[in-house]
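First the structure, in the form of structure tokens, and then the observations on it.
The values are calculated or read from the model by the stated rules, or taken from the named source; none is laboratory data. Model, not experiment: these values are computed from the prediction. In this analysis, Cβ positions are derived from the backbone assuming ideal geometry, glycine residues included, and neighbour counts consider all displayed protein chains. What goes into the accessible areas is simple: the full protein's heavy atoms, side chains included, and nothing from ligands, DNA or RNA. Shrake-Rupley method; radii C 1.70, N 1.55, O 1.52, S 1.80 Å.
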Amino acid sequence: MAENAADNNKRLSESEERFRALVNATSDVVYRMNPDWTVMQQLNGGGFLSDVGEPIDNWMDKYIHPLDRELVQTAIAKAINTQSMFTLEHRVLQADGSLGWTSSKAVPMLDGQGEITEWFGAASDITSRKRMEEALQQARDEAEQQKRLYETVTSNTPDLVYVFDLDYRFSFANPALLNMWGKSWGDAIGKRLIENGYEPWHAEMHEREIDQIVATKQQVRGEVAFPHATLGRRIYDYILAPVINAQGEVEAISGTTRDITEIKENEQRKNSFISMVSHELKTPLTSVISFVQISQRRAVQNNDPVAADMLERAGKQLGKMTRMINSFLNVSRLESSHIQIDHQPFDLSMLMQEVEEEAKATISSHQVVFEPVAGVQINADREKIGQVFNNLISNAVKYSPTGSSIYIAAVEANGTVTVSVKDEGVGISETDLPRLFERYYRVREAELNHISGFGIGLYLCSEIVKRHGGNIWAESRPDKGSVFYFNLPVIEG
Ligand code: ADP
């Protein structure tokens, strides 16, 4: 009988040992609690939590993170009441003092009367999993916030904002665009341009642009006119840009489109106004010029040198006025694409010779030095290229001090001839340089110093040169003078 009891005890303690070994192997922490959890009898922390050998009653302060203490208390109370397993994920204070997370479970040990004698618990370290979950949640929250932000921005602009996938399908369209189509998000997204009501030429044009963007990773900007659902024909300015992924490839195409119909109409009104005024001014001016010329001749005949001199000066001023009016007319012709480029082959050095003669005859304030290149044939509009020379030279005169020199040269290389007009004048700042060739652009100093001009000379030069397949640019530093260049293709042979 006694042997039996001893055997039983031995087996019992053996199985208890095995059980503890198993719990130790699968858990980071093993602990024992008294029936009402006021005293922790023992805790093996496995390096994660600090060990407890002797019973302690301040375990809550020692191990449980302040923010989770109430949660833990509630779970304990529930487990005690129902005599069922305690189970909870909560924050703990780790052995090194830092914050950690455990998944903790404890089972009640019952005696013969069904009373709890102690609790036996095990907990595993789930800190890294929780950290990952937290990071994921944070990323999700941030993504959500970004989405809200972009949605608000794109919802509150009158511009059309959209995204294409690489199959030319809309993957995003803002309310302004949906509104223009008269479609709902569900009807329009995932569809191609043609399915959203674009005409075939228009859909085809944008699809080719998308191909180009995918190939070059460069944005495309253009202007297009098409009928709006309710407003009739409108003109739009659009920019399509690549969305580049982490691998550097184009993953989508974003687009913004702005209705510029009114801007265009205003521009057109302004142009036709300028053109009308210039035309109206030209007629009386032509008569005044001829009256002045006749009077000048008569003054000479009548031996009145004072009157002859004054009339000659009046004639020069009238010439200046005519050139100004002509340049306005040229701008409005350019804008309405009525400017004609009459190509004809000619020798550039011959033209330069004429320009030189005219410059020598009219410019006395500066030294004008010509270095032409011999025998360069170009196929161009002789009169318009002459205008480019005259504009650049008169700017060089205008923006450099009396007595300084102006050098005009031409060099031929690789099938192009490059002309340069160099002065020793006021120069141009880095901020103004890229904008000089814009229509009506003038440098502030020129305005302040009351140098007359309308900011159209260089614009005209640039349009003329571009229409000949050439380029125009300038190099300059303030107070160091400027060099204006333009190049044109030459006729080989
Ligand atoms: P405008 O001379 O009638 O103002 P342009 O289009 O010919 O118009 O020139 C635009 C601006 O460029 C001028 O206002 C002037 O400030 C600047 N500019 C042009 N040529 C020169 C030059 N040779 N040196 C310095 N500034 C110049």
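A few comments on the model shown:
- Among beta bridges that DSSP assigns inside the chain, antiparallel share in %, nearest 5: 95
- For region 344-489, the Kirkwood estimate of the hydrodynamic radius, built from every pair of different alpha carbons, is 15.4 Å.
- Cα point-scatterer Debye curve for region 157-259, base-10 log of I(q)/I(0) at q = 0.15, 0.19, 0.24 Å⁻¹: -0.57, -0.94, -1.51
- Relative contact order for the chain, counting Cα pairs under 8 Å that sit 6 or more residues apart, in percent: 7
- Surrounding net charge for PRO345, when Lys and Arg each add one and Asp and Glu each subtract one, Cβ distance under 14 Å: -3
- Max-minus-min Cα coordinates of the chain on each principal axis give 161, 53, 48 Å, with the largest extent listed first.
- Projecting the Cα atoms of GLY457, THR431, THR283 onto the charge dipole of the chain, computed from C-beta unit charges around the Cα centre, puts THR283 farthest toward the positive end.
- At a probe radius of 1.4 angstrom, the accessible area of the chain per residue rounds to 59 square angstrom.
- Counting only protein chain heavy atoms and rolling a 1.4 Å probe, the accessible areas of THR402, THR74, THR102 rank, largest first, as THR402, THR74, THR102.
- Using every pair of separate Cα atoms, the Kirkwood estimate puts the hydrodynamic radius of region 264-335 at 13.7 angstrom.
- In a simple Cβ point-charge model (Lys, Arg +1; Asp, Glu -1; nothing else charged), the chain has a dipole of about 2140 debye relative to its Cα centre.
- Net charge of Cβ neighbours under 15 Å - reference GLU195; Lys, Arg +1; Asp, Glu -1: -2
- Centre separation in Å (Cα based) which lies between region 401-437 and region 316-369: 17
- Of all lysines in the structure, the ones whose alpha carbon falls short of 19 Å from that of LYS422, not counting any fewer than 8 places away in one chain, are LYS360, LYS398, LYS480.
- Cα-based Kirkwood hydrodynamic radius, region 424-465, one decimal, Å: 10.8
- Stokes-Einstein D in µm²/s, Kirkwood radius over Cα pairs - region 133-189 at 10 °C with 1.306 mPa s viscosity: 125
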